[in-house]
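Visitor: Let me begin by handing over the structure; questions about it come next.
The values are calculated or read from the model by the stated rules, or taken from the named source; none is laboratory data. For clarity, every value in this text was computed on a predicted model and none was experimentally measured. Because the Cβ atoms are built from the backbone with ideal geometry, glycine has one as well, and the counts that use them run over all protein chains shown.
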Amino acid sequence: MLQINPMVRDMMMNRTFGIISGYFPKFSMYNWTQWFWTLLVPLFPSLTPDMLTITTSYVDCAAYHVIVEGLDKAFDQMSLITQQEITLVLVEYLKKSQQISNSALPCGTENGTSAWFANNFRSFSVHVTLADIQSLNSNFSVLDSLNLLSASEVAKLTLTSGALNNTDMMKVVFERLNEGDSFLNVEEYLLSLSQNSEV
């Protein structure tokens, strides 16, 4: 990633988007790939939700996947707020796609697998709510995809799935929490568990 002053990067993103967005209706898959996998990556931390909403209004699922994969390259350079706002746009795109195609599974055929989730959200998956996942893919196997959920989402799942009364399910939950920084994962999990149980 190029190191660009954030104010300069914001200006560059605004100007670039103003120029290229008029060409979106004519973009081929090659254009989407070139711009979103390479050319725009250094500017993505300055991408706004409005820009992404405009962009996704011109794409099918194949181009959407290209965009998500490109955005994923800049995920770690984005602020937490930007990550969350981008995630909301991705969820909205999939919901609209689901309505338009009248499909049970928007932008994918991997029914019930973590591949569908990973392909549609990449690193942004940590900000997708369990409710959104289940509304978009009713056959999604959450227990098979715990590694894609944040510790707080795992806690919400624990409360709604009956895992608190099932030793085997809780073993799977703690295997997930043991990945990465287990101390922070368990702390976030138990905090979310206690907060959500009080609601």
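Visitor: Just checking, which of Ala151, Ala131, Ala155 is surrounded by fewer than 18 Cβ atoms within 10 Å (Cβ to Cβ) and outside the structural domain of Ala115 (by TED's automatic domain parsing)?
Guide: Every option except Ala131 fails the conditions.
Visitor: Which members of segment 175-199 meet the condition of being surrounded by fewer than 11 Cβ atoms within 10 Å (Cβ to Cβ) and closer than 23 Å to Ala131 by Cβ?
Guide: Within segment 175-199, Ser194, Glu198, Val199 meet the criteria.
Visitor: I would also like to ask the following. Pairs under 7 Å by beta carbon, first residue within 13 Å of Thr53 (Cβ to Cβ) and not assigned by TED's automatic domain parsing to the domain that holds Thr48 in segment 72-93, partner surrounded by 15 or more Cβ atoms within 10 Å (Cβ to Cβ) and modelled with pLDDT under 95, six or more apart or different chains?
Guide: Filtered contacts from segment 72-93: no entries.
Visitor: Tally time: how many residues in segment 61-94 are acidic (Asp, Glu) and at pLDDT below 95?
Guide: Adding up the residues that qualify gives 1.
Visitor: Scan segment 136-189 residue by residue and report those that are modelled with pLDDT of 85 or more, among the acidic types (Asp, Glu), assigned to a helix (DSSP H, G or I) and within 20 Å of the chain's Cα centre (by Cα).
Guide: Scanning segment 136-189 gives a single hit, Glu188.
Visitor: Could I ask something else about it? Could you check segment 48-110 for helices (runs of 4 or more DSSP H) lying wholly inside it with 2 or more residues that are of a type in the set (S, T, N, Q) and out of contact with any Cys (no Cβ under 9 Å at 6 or more places or on another chain)?
Guide: Output list reads 49-56, 80-101.
Visitor: Out of curiosity, is Thr33 surrounded by 16 or more Cβ atoms within 10 Å (Cβ to Cβ), part of a helix (DSSP H, G or I) and modelled with pLDDT of 95 or more?
Guide: Criteria met by Thr33.
Visitor: Cβ contacts < 7 Å: first residue assigned by TED's automatic domain parsing to the domain that holds Leu159 and over 16 Å from Leu159 (Cβ atoms), restricted to segment 180-193; second residue of a type in the set (Gly, Ala, Ser) and surrounded by 14 or more Cβ atoms within 10 Å (Cβ to Cβ), any location; separation 6+ or different chain. Result?
Guide: Between residues of segment 180-193 that are assigned by TED's automatic domain parsing to the domain that holds Leu159 and over 16 Å from Leu159 (Cβ atoms) and residues that are of a type in the set (Gly, Ala, Ser) and surrounded by 14 or more Cβ atoms within 10 Å (Cβ to Cβ), the close pairs are Asn185/Ala151.
Visitor: So, in segment 58-97, of the ones that are closer than 16 Å to Ala118 by Cα and among the aromatic types (Phe, Trp, Tyr), which residue ends up surrounded by the fewest Cβ atoms within 10 Å (Cβ to Cβ)?
Guide: Phe75
Visitor: Give me a count of the residues in segment 149-174 that are over 11 Å from Leu130 (Cβ atoms) and in contact (Cβ under 8 Å) with a residue 24 or more places away in the chain.
Guide: Of the residues in that region, 4 qualify.
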